[in-house]
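Structure first, commentary second.
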Amino acid sequence: MSEQICSHLDQVEVTEVPTRAQVPGCEECLKIGGRWVHLRVCRTCGKVGCCDSSPNHHASSHAVEDSHPILSSIEPGEDWSWCVVDEVAFVLK
């Protein structure tokens, strides 16, 4: 992970990240019948969206549209987060 620092850590409100087993899928893809590759959770509001490798990029779109900059992976074995504004990956402790 990068040694850069995310300048938006003060916006982390969701401290309990769901596991992949607890989430049925990307909230927006489920509404439209879309498909996803991997899932991310918004650390500001808890919305679950699909990653940028997915056709609809719902997680990043949500982050930009709602000014919720930090997304975390909820995939098994992954514990990283990404700040879409600072473009830096890191592990929240």
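Residues in segment 42-93 that are more than 16 Å from Glu28 (Cβ to Cβ) and among the β-branched types (Val, Ile, Thr): 6 in all.
Taking the listed residues Ala63, Ala21, the one that is within 19 Å of Leu92 (Cα to Cα) and of a type in the set (A, V, I, L, M) is Ala63, with no other qualifying. The residues listed here are Ser7, Ser54, Ser60, Ser67; of these, the one that is at pLDDT below 95 and among the small types (Gly, Ala, Ser) is Ser7.
When segment 77-93 is filtered for residues that are outside any loop (DSSP other than H, G, I, E, B) and out of contact with any Lys or Arg (no Cβ under 9 Å at 6 or more places or on another chain), the ones remaining, listed by number, are Cys83, Val88, Ala89, Phe90.
The values are calculated or read from the model by the stated rules, or taken from the named source; none is laboratory data. Being a predicted model, the structure only gives us computed values, none of them experimental. Here Cβ is always computed from backbone atoms with ideal geometry, including for glycine, and neighbour counts include all displayed protein chains.
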